[in-house]
Amino acid sequence: MAQIRTRKSKENGETVVGIEITKRGKGNRTAENTSLAELYNDFKTAQEDKGNSEKTIVFYQYGYFKLCDFIGFTYVDVPTAKELGAPVPALKPDPKKEQSEIEQLRSVGAFYPIAFLNIDGFERDYRKYLASLKLNEQTIASYFRSYRAIAYFAMEEGWIPRRKITIKQPEPPIKNCYTDEEIKRLVRKPRTDDFLENRNWVMVNYFLATGNRVSSVADLRIGDVDLDDGYITVNRQKNGKPTRIPLVKKITRILRSYIDDYRTEVEGVPVGDDEPLFCNIYGEQLSENAIKKAIANYNRSRHVEKTSVHLFRHTFAKKWIVDGGDLLQLEKMLGQSSLKMVQHYSNLYASDIKEQAEKHAVIAKTKGNGRKIRKRVV
């Protein structure tokens, strides 16, 4: 069995951390002679076998790259790299600058053995590395979730001993929702037959009516819409569970007109249940990025500086909660896997705090003592 341990030394007055690897395993695959790159390939295959989306796979891939960046930047040294048979960059780059050198170190990190995930202080050092990149708490937590998934896979496969990896869960940032005036501008019906203008208008109304994620909207099909009963089936949800949600009468009317005008053949027959509900001018499915770009351009054309599609979701949740809507029903509408995020929305928007403050705050009812104070002259 190989022994892996950290080694500290002084270079130019600074403490440098490296590792020592001795007695590397030969023959059968072990945690000591199997690389992180091989582990990730097995992990990726397992995720694909589970049917996880391409977006989820890409999320894990970026996390794996960042993990390799960290290992290469923090622990690489010439003796260790030679022992691993990995290429060694001449110098350690600034992790925030030279991308070509970062990629070199990433390739070195990928050579490190799986057993390296089990060295003392690994998670602590990884957190410090991510913090040194000046990333926000949300991004750091995201990278750590990716790392934890890969590490837990290694544990399940018996590569490393089981242990609990905790992630600091930062509170989501408070976002300024769309105001009533902005919404009024956005939902004003176009005075044109232009397809793109009308499609974007319909999408904005749909986001405001349902609170759907952009990924869910990109995946909608014409057959998902039940105009007679006023429901829509959202098949692509973050929690992996298809949901049938109600459509208010106004958005039902808007969708009916949109399908009749733009998603129906000359004979009056819809183009097909499997065709995308929202498409480009050629009838092809819109990507998430295409939707975001289209909505951003649309919002600016209506003199609304906010361009975030996800902000419609926050606005939907805020309106629901401020109006006294049931949280369990909101959880279903938003396709959440638990009440955690819904409760976060509730903490933010449970009441009109400003109005209540004006009504009840002590200072609002307190009068001064009547003395006049003059400005101090220096």
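The values are calculated or read from the model by the stated rules, or taken from the named source; none is laboratory data. Here the structure is a predicted model, which is why all the values come from computation and not from measurement. Cβ placement follows ideal geometry from the backbone for every residue including glycine, while neighbour counts extend to all protein chains displayed. The area values use the complete protein model at the heavy-atom level, side chains included, leaving out ligands, DNA and RNA. Shrake-Rupley method; radii C 1.70, N 1.55, O 1.52, S 1.80 Å.
Candidates in the range 133-152 are the residues that are in contact (Cβ under 8 Å) with a residue 40 or more places away in the chain and hydrophobic (A, V, I, L, M, F, W, C); of these, the one that is nearest to Ser35 (Cα to Cα) is Ile150.
Of all residues in the range 183-197, those satisfying the criterion of being in a helix (DSSP H, G or I) and open to solvent by less than 60 Å² (accessible area, probe 1.4 Å) are Ile183, Leu186, Phe195, Glu197.
When Arg300 is tested against the conditions (1) open to solvent by 80 Å² or more (accessible area, probe 1.4 Å); (2) of a type outside the set (Val, Ile, Thr); (3) over 20 Å from Lys184 (Cβ atoms), the lone failure is (3). Residues in the range 280-305 that are without any contact (Cβ under 8 Å) to a residue 40 or more places away in the chain and either in contact with a strand residue (DSSP E or B) (Cβ under 9 Å, 6 or more places away or on another chain) or on the phi > 0 side of the Ramachandran plot (or both): Gly283, Glu284.
Within the range 125-164, which residues are of a type in the set (Val, Ile, Thr) and buried (at least 16 other Cβ atoms within 10 Å of the Cβ)?
So the first thing to find is which residues in the range 125-164 are of a type in the set (Val, Ile, Thr), and the list is 139-140, 150, 160.
Of everything in the range 125-164, those that are of a type in the set (Val, Ile, Thr) and buried (at least 16 other Cβ atoms within 10 Å of the Cβ) turn out to be Ile140, Ile150, Ile160.
Test Leu84 against the stated conditions and say whether it is at pLDDT 85 or above, out of contact with any Cys (no Cβ under 7 Å at 6 or more places or on another chain) and surrounded by 17 or more Cβ atoms within 10 Å (Cβ to Cβ). So Leu84 fails the test.
Looking for something touching a strand residue (DSSP E or B) at 6+ places or on another chain (Cβ under 9 Å) and surrounded by 15 or more Cβ atoms within 10 Å (Cβ to Cβ) - is there at least one such residue anywhere in the range 308-320? Walk me through how you get there before you give the answer.
Keep residues of the range 308-320 that are touching a strand residue (DSSP E or B) at 6+ places or on another chain (Cβ under 9 Å), which gives none.
For the range 308-320, residues touching a strand residue (DSSP E or B) at 6+ places or on another chain (Cβ under 9 Å) and surrounded by 15 or more Cβ atoms within 10 Å (Cβ to Cβ): absent.
Screening Ala350, Ala290, Ala294 for residues that are at pLDDT 75 or above, of a type in the set (A, V, I, L, M) and under 22 Å from Ile183 (Cβ atoms) leaves exactly one candidate, Ala294.
Entry remark, the range 129-167: residues being of a type in the set (Asp, Glu) and under 25 Å from Asp42 (Cβ atoms) number 2 in total. Candidates Tyr258, Tyr262, Tyr231: the one that is open to solvent by 40 Å² or more (accessible area, probe 1.4 Å) and touching a residue at least 40 places away in the same chain (Cβ under 8 Å) is Tyr262.
Flag not set for Ala131, criterion: in contact with a Leu (Cβ under 8 Å, 6 or more places away or on another chain) and at pLDDT 65 or above. Give the range 258-299 a look and list any residue that's outside any loop (DSSP other than H, G, I, E, B) and among the hydrophobic types (A, V, I, L, M, F, W, C), or say none. Correct list: Ile259, Cys279, Ala290, Ile291, Ala294, Ile295, Ala296.
Rundown of residues vs (1) in contact with a helix residue (DSSP H, G or I) (Cβ under 9 Å, 6 or more places away or on another chain); (2) at pLDDT 85 or above, yes/no style:
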{"residue": "Phe43", "(1), (2)": "yes, yes"}
{"residue": "Val58", "(1), (2)": "no, yes"}
{"residue": "Tyr62", "(1), (2)": "yes, yes"}
{"residue": "Phe70", "(1), (2)": "yes, yes"}
{"residue": "Phe73", "(1), (2)": "yes, no"}
{"residue": "Gln99", "(1), (2)": "no, no"}
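Residues of the range 241-255 being free of Cβ contacts under 8 Å to residues at least 40 places away in the same chain and closer than 27 Å to Gly51 by Cα, which ones? Selection gives Pro242, Arg244.
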